[in-house]
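Undergrad: Before we start, here is the structure in question, set down as structure tokens.
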Amino acid sequence: MNPNKKVSLYTLGCKLNFSESSSIARMFVDEGYARVDFNDTPDVYVINTCSVTENADKKCKQLVKKALKVNPDAFVAIIGCYAQLKPEEIAQIYGVDMVLGASEKFKIIEHINNLEKFEETKVVASKIKEVNTFVPSYSKGDRTRSFLKIQDGCDYFCTFCTIPLARGKSRNNSIEETLKVAKDVAKSAAKEVVLTGVNIGDFGQGDDENFYELVKELDKIDGVERFRISSIEPNLLNNDIIEFVSTSNKFMPHFHIPLQSGSDKLLKAMRRKYLSDLYVDRVATIKKLMPHACIGVDVIVGFPGETEEEFLITYNFLNELDVSYLHVFTYSERQNTTAIKMDGVVPKEERAKRSKMLHILSDKKRRAFYEQHIGKTYHVLFESEQHENYLNGFTDNYIKVKVPYAKELENQICSVTLKGFDTDGVVEVENVKIVAENILTI
């Protein structure tokens, strides 16, 4: 036990990383550590890294430097995707004491036998082919929502992606074991659970169990008022799942579906598992059953071979598609991927120009989606933190709203009428009623 020791965790990257950081933090707390903020002079820093973009690697180096400014004697451990991909590179960063790979990060307590800084960085990272165990995790502490990890790894090997090299093969627990973890989450104050993973639609990997069966079982859990599906591949988002969400009171009418390109030529070069026609069909099916549903899209600009003509195919495809917002990623070269060897490299200034065009398109899409619902009544889960004397929240179909701060609305699901836009693009509301108590609060 370390009753007088303090630990701080800093997380880069995705919701999956946040769920794992939260679980690792609870391991430290169980060992007697106090979890503190980054600047509260912790004895141990754990930096959970991402390596989707080049900037994430640079951010890791900056954080180590910042940590040692706060406490020059702190023990610094690096975990996460960057740690698995480039452990020896991280070991060269001044001040890093330990680098743990994809499996070893969940045994971090065992690896930290004492908090003396090492003369040489300790690196423990199994080969990714040997990483085959699934460790469940979920975020806890944010009263509003919890990120529940249901799956890890990926078998797809898209030509631009390093995730299979960083996280290994697709794997998960059984539905029975996953439900046990979900029931633990249900005992917390979180009213919304976001299902997360690397490729969650691949749950079960085609065996007797699958993602559709999991969704049906999760829907029966008491104590969780909302489930939200995070990013799911279009080829794995089948009609059964869409139809079930359309009739469920717990699963929100919100889908985030990676596209990456509207050009079939580029989709093939990216080694994606679908073509644009299938994507159009998925969007049409969702909108037919749930006209109010929110649909988010991942798209990459500047992939090798993306000529001006190919980019315009993607732009026009998205412009005509009934989707609600875009997550735009500028292609960056990653070591050990197939794409890095491809011809047709797009100049970085052209990548930036195309990214800006799609960001503007995304703003227009989001505004148009929000406008469709002004004057209508929806249920909103308000968050637990105030922002400049306002509370933010999201409708079931993921419209961001705000109300003047009122403590009684924190972490409450309320019925609201969407009124109009504030100057920041967030929707203001009126007729706010807490659903559970059915009383007028504003």
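Here is a yes/no grid of residues against (1) β-branched (Val, Ile, Thr); (2) within 26 Å of the chain's Cα centre (by Cα); (3) not assigned by TED's automatic domain parsing to the domain that holds Thr247:
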residue: Leu381; (1), (2), (3): no, yes, yes
residue: Asn392; (1), (2), (3): no, yes, yes
residue: Val401; (1), (2), (3): yes, yes, yes
residue: Ile434; (1), (2), (3): yes, no, yes
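Undergrad: Test Asn238 against the stated conditions and say whether it is surrounded by 15 or more Cβ atoms within 10 Å (Cβ to Cβ), of a type in the set (S, T, N, Q), closer than 30 Å to Gly344 by Cα and at pLDDT 95 or above. Before you say what the answer is, go through the steps one by one.
TA: Working: surrounded by 15 or more Cβ atoms within 10 Å (Cβ to Cβ): yes; of a type in the set (S, T, N, Q): yes; closer than 30 Å to Gly344 by Cα: no; at pLDDT 95 or above: yes.
Answer is no for this residue.
Undergrad: Go through (1) out of contact with any helix residue (DSSP H, G or I) (no Cβ under 7 Å at 6 or more places or on another chain); (2) more than 17 Å from Pro258 (Cα to Cα) and name the single condition Ser362 misses.
TA: All conditions pass for Ser362, except number (2).
Undergrad: Now, a different point. Checking the conditions here, which among Phe317, Phe311 is in contact with a Lys or Arg (Cβ under 8 Å, 6 or more places away or on another chain), of a type outside the set (Gly, Ala, Ser) and under 23 Å from Lys365 (Cα atoms)?
TA: Details: Phe317 fails: in contact with a Lys or Arg (Cβ under 8 Å, 6 or more places away or on another chain).
Sole residue among the options that is in contact with a Lys or Arg (Cβ under 8 Å, 6 or more places away or on another chain), of a type outside the set (Gly, Ala, Ser) and under 23 Å from Lys365 (Cα atoms): Phe311.
Undergrad: Now a separate question. Got at least one residue in the stretch 148-163 being part of a helix (DSSP H, G or I) and touching a residue at least 40 places away in the same chain (Cβ under 8 Å)?
TA: yes
Undergrad: Hey, can you tell me all the residues within the stretch 297-315 that are in a strand (DSSP E or B) and in contact (Cβ under 8 Å) with a residue 60 or more places away in the chain? Step through it out loud before you land on a result.
TA: The first filter runs over the stretch 297-315 and keeps only residues in a strand (DSSP E or B), leaving 297-301.
Residues satisfying the conditions are Asp298, Ile300.
Undergrad: Same structure, new question: Looking for whichever is surrounded by fewer than 21 Cβ atoms within 10 Å (Cβ to Cβ), in contact (Cβ under 8 Å) with a residue 24 or more places away in the chain, closer than 15 Å to Phe75 by Cβ and not aromatic (Phe, Trp, Tyr) here; the options are Lys15, Lys6. Which one fits? Let's see the steps before the verdict.
TA: Numbers: Lys15 fails: closer than 15 Å to Phe75 by Cβ.
The conditions single out Lys6.
Undergrad: Would you say Glu243 is over 23 Å from the mean Cα position of the chain (by Cα), among the charged types (D, E, K, R), buried (at least 20 other Cβ atoms within 10 Å of the Cβ) and modelled with pLDDT of 95 or more? Let's see the steps before the verdict.
TA: On the way: over 23 Å from the mean Cα position of the chain (by Cα): yes; among the charged types (D, E, K, R): yes; buried (at least 20 other Cβ atoms within 10 Å of the Cβ): no; modelled with pLDDT of 95 or more: yes.
No; evaluated as a whole, the condition is false for this residue.
Undergrad: Go through Val346, Val380 for me and flag whichever is closer than 22 Å to Ile300 by Cβ, buried (at least 18 other Cβ atoms within 10 Å of the Cβ) and modelled with pLDDT of 95 or more. Step through it out loud before you land on a result.
TA: On the way: Val380 fails: closer than 22 Å to Ile300 by Cβ.
Exactly one residue qualifies, and that residue is Val346.
Undergrad: Right, here's the next one. Looking at (1) crowded, with 16+ Cβ neighbours inside 10 Å; (2) in contact with a Gly (Cβ under 9 Å, 6 or more places away or on another chain), which is the only condition Pro72 fails?
TA: Failing condition for Pro72: (1).
Undergrad: Hey, among Leu361, Leu318, Leu326, which residue is among the aliphatic types (A, V, I, L, M), within 26 Å of the chain's Cα centre (by Cα) and either outside any helix (DSSP H, G or I) or in the same structural domain as Cys50 (by TED's automatic domain parsing) (or both)? First the steps, then the outcome.
TA: Numbers: Leu361 fails: either outside any helix (DSSP H, G or I) or in the same structural domain as Cys50 (by TED's automatic domain parsing) (or both); Leu318 fails: either outside any helix (DSSP H, G or I) or in the same structural domain as Cys50 (by TED's automatic domain parsing) (or both).
Being among the aliphatic types (A, V, I, L, M), within 26 Å of the chain's Cα centre (by Cα) and either outside any helix (DSSP H, G or I) or in the same structural domain as Cys50 (by TED's automatic domain parsing) (or both) holds for just one of Leu361, Leu318, Leu326, which is Leu326.
Undergrad: Tell me whether the stretch 191-211 contains one or more residues that are of a type in the set (A, V, I, L, M, F, W, C), assigned to a helix (DSSP H, G or I) and buried (at least 19 other Cβ atoms within 10 Å of the Cβ).
TA: Here is the first cut: in the stretch 191-211, the ones of a type in the set (A, V, I, L, M, F, W, C) are 193-195, 198, 200, 203, 211.
Then keep just the ones that are assigned to a helix (DSSP H, G or I); that gives 200, 211.
Checking which are buried (at least 19 other Cβ atoms within 10 Å of the Cβ) leaves us with 200, 211.
Checked against the condition, which is being of a type in the set (A, V, I, L, M, F, W, C), assigned to a helix (DSSP H, G or I) and buried (at least 19 other Cβ atoms within 10 Å of the Cβ), the stretch 191-211 yields at least one hit.
Undergrad: Still on this model: Can you go through Thr162, Thr144 and tell me which one is within 18 Å of Ile229 (Cα to Cα) and either surrounded by 15 or more Cβ atoms within 10 Å (Cβ to Cβ) or at pLDDT 95 or above (or both)?
TA: Details: Thr162 fails: within 18 Å of Ile229 (Cα to Cα).
Going through Thr162, Thr144 in turn, the sole match is Thr144.
The values are calculated or read from the model by the stated rules, or taken from the named source; none is laboratory data. Everything numeric here is computed off the predicted structure, so don't read it as measured data. All Cβ positions, glycine included, derive from the backbone under ideal geometry; neighbour counts span all protein chains shown.
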